[in-house]
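Rule-based calculations on the coordinates, nothing more; no lab input. Every value quoted in this text rests on a predicted model; they were computed, and no experiment measured them. Note: ideal-geometry Cβ built from the backbone for every residue, glycine included; neighbour counts use all protein chains shown.
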Amino acid sequence: MWYYKGEEMTSIEDFPPQTFGFVYRVIHEPTGKIYIGKKVLQFTRKAKLTKKDLAIYEGEKGRKPTYKQVTSESDWKTYYGSEDFIKQAIKNKQHDEFTREIIHFVTSKKQLTYYECKYQFIHGVLESDEWMNSNILGKFYAKDLA
């Protein structure tokens, strides 16, 4: 379950309007270690038009489209993080060892990356063993700071 200021977030309707994604904190209760990451609520992809879709354009002049934009809800409800330790624990069915908290809502992709980095740098996630993050943006690594 995701929480925001103590409230459960169970549906996409629970989020503020125009929310693109969120920055979150995952706490591994047995060790107290924390992970900060980001997650989008929905993603858009290109899908090839079906014969039924193309029938709409029958008789029209000009070039017909071959693809359409399809929006789908992401796996945010079941997502815990991309760090190897977390992924392995989830694979081993240890979901109950984690607490998931939303710390910031954002309305765009750029804001999502900015706020994730901001929280990671503010908390010094690469400088202490209390954090599970091993890198920031795939550019800054904890091993390089040792």
Whole-Hz couplings from phi, Karplus 6.51/-1.76/1.60, listed for segment 22-33; x for Gly and Pro
8, 9, 9, 10, 10, 10, 8, 4, x, 9, x, 6
Length gained when the stretch Leu54-Gln94 is fully extended (0.36 nm per residue, less Cα-Cα span):
9.7 nm
With both partners inside the chain, how many of the DSSP beta bridges are antiparallel, as a percent to the nearest 5?
90
Hits in segment 12-55: amide N under 18 Å from the 7 Å Cα→Cβ extension of Lys68, namely 43-55
Which of the chymotrypsin sites (Phe, Trp or Tyr not before Pro) across segment 1-89 are loop residues per DSSP, with 14 or fewer other Cβ within 10 Å?
Tyr57
Among the lysines, select those whose C-alpha is under 18 Å from the C-alpha of Lys87, and discard any that sit fewer than 8 residues away in the same chain.
Lys33, Lys38, Lys39, Lys77
Long-range amide H partners of Leu49 with built H, under 5 Å:
Tyr67, Lys68
Residues Leu145 and Met1, FRET efficiency given R0 of 30 Å [Cβ-Cβ distance, rounded to 0.05]:
0.35
Per q in 0.21 Å⁻¹, report the Debye log10 I(q)/I(0) for the chain, using one uniform scatterer on each alpha carbon and no solvent.
-1.33
Hey, what does the equivalent ellipsoid look like for segment 1-59, semi-axes from the Cα gyration tensor as sqrt of 5 times each eigenvalue, largest first, whole Å?
39, 14, 9
